[in-house]
Amino acid sequence: MKKMTRLTKCYGLFFLFLCFLWPSAGLAIENSECMDCHSDESLTKECTDNILQTSITESLYVDEDKFNHSVHNINGITCIDCHTDIEELNWDEELPHKMYLEPVVCTTCHEEEGEAYKKSVHMEILKKGITMRCYACHGYHYVEYSETATVAERGNNYCLKCHNPYQYHEWLPAKEAHFSMVECVVCHSPEVPNKIHLNFIDLVSNKLYTSNEILDALGVDYDEFMPLLDTNKDGIINSSELENLALMLRLKNIHAVFHVELLAELLPIAHEVKRGTAEQDCVKCHSANSTYFDSVSILMTRDDGTIDRYEVDRAVLESYNLSHFYLMSGTRVKLLDKIGFLLLAGGACGALGHLTIRIFTIPIRRKRKTDKK
Amino acid sequence: MNNEKRLYVHPGPVRVWHWVNALGFVILILTGFQIRFADILNIMPLQDAITIHNYVGFTLIGNYFIWLIYYLSTGKIKIYILDVRTLVPMAIKQMLYYGYGIFRGDENPHHMTPDNKFNALQQQAYAAIMLIFLPAQMLSGVFLWKVKGYSDYIHLLGGIKTIDTIHVILFFFFGSFVMIHCYLATLGHTPLAHFKAMFTGYEDH
């Protein structure tokens, strides 16, 4: 027993020694401690920490379920990793930490994003007295993986919070089509590489199918999806393989068509949106050789949130397998051009041929006219 | 000039409609090429081509309805209605004339009158153009103009690529038609006779 007590003392002293060396090891604040108060939906504060710096009542409630699904929680980031000025919680006080916390500095971790942002138009508005922090766009606690997010989701979550695209873009034809199929960043941060995503959509309900729904219908696992499709084993889904996929789904009563969107890669440079540099040269995209279509893929989200990207041959964009997608000039069906030029050549040759014969047969007509007289 | 030999075959509204249509067709074909081959052609900026194409397209849709209302209200639409009893023999006769007789200096088997100004081949071609191809071109054009707004109809018809295919094939067809039409217009009793008639309304007979 004595031996046990001595051992406990030894371990206890060692633990205290460690705590002395590294205070947070002993005082580390668990998320659950924060949630003791922040799970209260009525918890609010008055603050001016918003884009217009006006006083507003801000909710301090954190939806734990949603936070648990956030990219930060998935990566093991705790409350105090961001709220670094909370070093301890004093439970003797009604408010266990100081009343006004410092704004979270996201660039501590997201350095490259921060550097790109500093050069952006959103940083420039600081001169007008408007401070725009990361969470004005990204939100606070519920930042999710957005690689598979659609144009609408990305737009609604970011740019459209402040900008109404219809107030600008007077020069842009087919505004609705552009705004629904092309992410803002594609034109407004032209340095960022682009990619085309193919999603499955039910045209009747206008609903996008989830990865699980597609896999369940096909009766395969995530790892079996590509081998099922890629019959020639070249690692790329080509036109006929895509057609087979549509057919397999149709046999399972899923009448999905491919919904195509042009998105920007999620790279730090995407934050470097500058004034006056937006791409306005339509031909950059509306061209058969456009680099905008170099990366075409189908994305599947696994249950753990990770994403599988399956490469698709860009030639499918020009095929009738994607009959619900057409990017003027850029993804034109080349066969139609051939048929068209045959029609034009047929018309021109017919007229010219007939004219030539008419010219050569002038003597015959003259002779007959003279004979008649 | 002997007025008795002249027939009034192209009334004013038809002539206005024709020349507005002709000018519109040329503009639509030129801008259409720019839109379809934006990466190859550089006649004008793409957005300008689209804007012009849209405005002219709608003008021609309006113009089409001038034609339709005029022909329906005057009953002249019957010149486009095919008579199945005489259609085939008359068409063969006309084909023989264009393919052979015309070179020998034979008389045109069709004699134009204000109520029967088209020969059997013209009648078939114009009936198809005015009652099928042009409406199809106009409708597909309107769908392509507002892809999102008409997405339900577009999906119903098989998708945007199907609509584009219709519009593009008809675009090439009309391009070819304009060339052949202009050439056939030189087959009057003088090369410019039909052109003049479409300005004056009177066809020399």
**Q.** Dipole of the range A:86-199, positive end: most advanced residue of A:F179, A:Y135, A:P96 [Cβ charges, Cα centre]
**A.** A:F179
Q. Using modelled amide H (1.01 Å from N, peptide plane; none on Pro or chain starts), what sits under 5 Å from the amide H of A:V296, excluding residues fewer than 5 places away?
A. A:I196, A:V312
Q: Starting from the Cα of B:K93, draw a straight line to each of the aspartates and glutamates and keep only those under 19 Å, dropping any in the same chain fewer than 8 residues away.
A: B:D83, B:D106, B:E107
**Q.** Cβ-based charge dipole, the protein assembly as shown, positive-most Cα from B:M138, B:S176, A:I74
**A.** B:S176
Q: Calculate the tail of P(r) for the range B:3-204: the fraction of all Cα-Cα distances greater than 26 Å, expressed in %.
A: 42 percent
Q. Given H placed on each backbone N at 1.01 Å, which residues far from A:F200 in sequence or on other chains put an amide H within less than 5 Å of it?
A. A:Y209, A:H259
Q: Can you tell me the relative contact order of the range A:147-331? Whole percent, Cα pairs under 8 Å, sequence separation 6 or more.
A: 30 percent
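How large, in percent, is the carbon and sulfur part of the accessible surface of the protein assembly as shown at a probe radius of 1.4 Å?
Accessible surface attributable to carbon and sulfur in the protein assembly as shown totals 62 percent.
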**Q.** Estimated vicinal HN-Hα couplings, Hz - the range A:83-95 in sequence order (Karplus 6.51, -1.76, 1.60; Gly, Pro = x)
**A.** 7, 6, 7, 8, 9, 8, 10, 9, 6, 6, 8, 5, 10
Q) Under a plain spin-label model, where a point goes 7 Å from the Cα along Cα-to-Cβ, how far apart in nm are B:A91 and A:L335? A) 2.7 nm
Q | 222 nm mean residue ellipticity, helices alone, for chain B (DSSP H n ≥ 4; -39,500 (n - 2.57); rounded to 500) | A | -20500 deg cm²/dmol
**Q.** Mean ellipticity per residue at 222 nm, deg cm²/dmol - from DSSP H runs of n ≥ 4 across chain A, formula -39500 (n - 2.57)
**A.** -11000 deg cm²/dmol
Q | Enclosed volume per residue, in Å³, of the convex hull spanned by Cα atoms of chain A | A | 275 Å³
Q | the protein assembly as shown, dipole about Cα centre (Lys/Arg Cβ +1, Asp/Glu Cβ -1), debye to the nearest 20 | A | 5560 debye
(Q) Among A:361-368, A:348-355, B:91-98, how do they line up by average Cβ neighbours within 10 Å per residue, starting with the highest? (A) B:91-98, A:348-355, A:361-368
Q: Would you tell me the mean number of C-beta atoms belonging to other protein chains that fall within 10 Å of each C-beta in B:42-52, as a whole number?
A: 3
Q) Ranked highest first by the average count of other Cβ atoms within 10 Å around their residues, in what order do A:77-86, A:191-200 fall? A) A:191-200, A:77-86
Q.
Averaged over its residues, how many other protein chain Cβ atoms are within 10 Å of peptide B:162-171's Cβ atoms?
A. 4
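Could you do me a favour and compute the accessible area per residue for chain A, 1.4 Å probe, result in Å²?
Values: 22950 Å² over 373 residues.
Per residue, chain A has an accessible area of 62 Å².
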Q. Once the principal axes of the Cα atoms of the range A:241-373 are found, what is the range along each, listed largest first in whole angstroms?
A. 97, 50, 18
Q.
Under 15 Å from a point placed 7 Å out from the Cα of B:D106 along the Cα-to-Cβ direction: which residues of the range A:329-373 have their backbone N that close?
A. A:365
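Rounded to the nearest 5, what % of the DSSP beta bridges within the range A:143-273 are antiparallel ones?
Roughly 90 percent of the DSSP beta bridges within the range A:143-273 come out antiparallel.
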Q. So if R0 is 60 Å, what FRET efficiency would B:F37 and A:Q53 give, r being the distance between their Cβ atoms, rounded to the nearest 0.05?
A. 0.70
Q. Per 10 Å bin from zero, what fraction in whole % of the C-alpha pairs of the range B:107-159 is there, up to the bin with the longest pair?
A. 21, 31, 20, 16, 11, 1
Q | Phi to ³J(HN,Hα) by Karplus 6.51 cos²θ - 1.76 cosθ + 1.60 over the range A:267-274, Hz, x for Gly, Pro | A | 10, x, 4, 4, 7, 8, 7, 10
Q.
Distance cut-off 24 Å, Cα to Cα: go down the list A:K207/B:K148; B:K5/B:K117; A:K98/A:K118; A:K66/B:K148; A:K195/B:K161 and report the pairs above it.
A. A:K98/A:K118; A:K66/B:K148
**Q.** Chains A and B, summed buried accessible surface - 1.4 Å probe, Å², nearest 100
**A.** 3700 Å²
Q: Give me the number: length gained by fully extending A:I125 to A:K373, i.e. 0.36 nm times residue separation minus the C-alpha to C-alpha distance, one decimal in nm.
A: 80.1 nm
(Q) Give the separation of the Cα centroids, the range B:113-161 to the range A:51-127, in Å. (A) 59 Å
Q: Using only Cα atoms, figure out Rg for the range A:27-128 and give it as a multiple of 2.2 N^0.38 Å.
A: 1.23
**Q.** Probe 1.4 Å - accessible area at A:D337, Å² to nearest ten
**A.** 10 Å²
Q: Show which aspartates and glutamates lie in cross-link reach of A:K45 when reach means a straight Cα distance below 13 angstrom and same-chain residues fewer than eight apart are skipped.
A: A:E58
(Q) Buried by at least 30 Å² relative to the chain on its own: which residues of the range B:92-110 qualify, computing accessible area with a 1.4 Å probe on protein heavy atoms? (A) B:F103, B:R104
Q.
Straight-line reach from A:K128: which aspartates and glutamates fall under 19 Å, measuring Cα to Cα and dropping same-chain residues less than 8 apart?
A. A:D49, A:E272
Q: Return the average number of partner chain Cβ atoms within 10 angstrom of each residue Cβ along peptide A:318-330.
A: 5
Q: Could you tell me what percent of the DSSP beta bridges with both partners in the protein assembly as shown are antiparallel, to the nearest 5?
A: 85 percent
Q. Which peptide among A:313-321, A:290-298, B:58-66 comes first, and what is the full order, when sorted by highest mean count of other Cβ atoms within 10 Å?
A. A:313-321, A:290-298, B:58-66
Q. Which value, in debye to the nearest 20, describes the size of the charge dipole of the range A:147-331 about its Cα centre when Lys and Arg Cβ atoms bear +1, Asp and Glu Cβ atoms bear -1, and nothing else is charged?
A. 640 debye
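The values are calculated or read from the model by the stated rules, or taken from the named source; none is laboratory data. Quantities reported herein were computed from a predicted structural model and do not represent experimental measurements. Note that each Cβ is placed from the backbone with ideal geometry, even for glycine, and that neighbours are counted across all protein chains shown. Just so you know, the surface numbers come from the protein's heavy atoms only, side chains and all, with ligands and any DNA or RNA stripped out. Shrake-Rupley method; radii C 1.70, N 1.55, O 1.52, S 1.80 Å.
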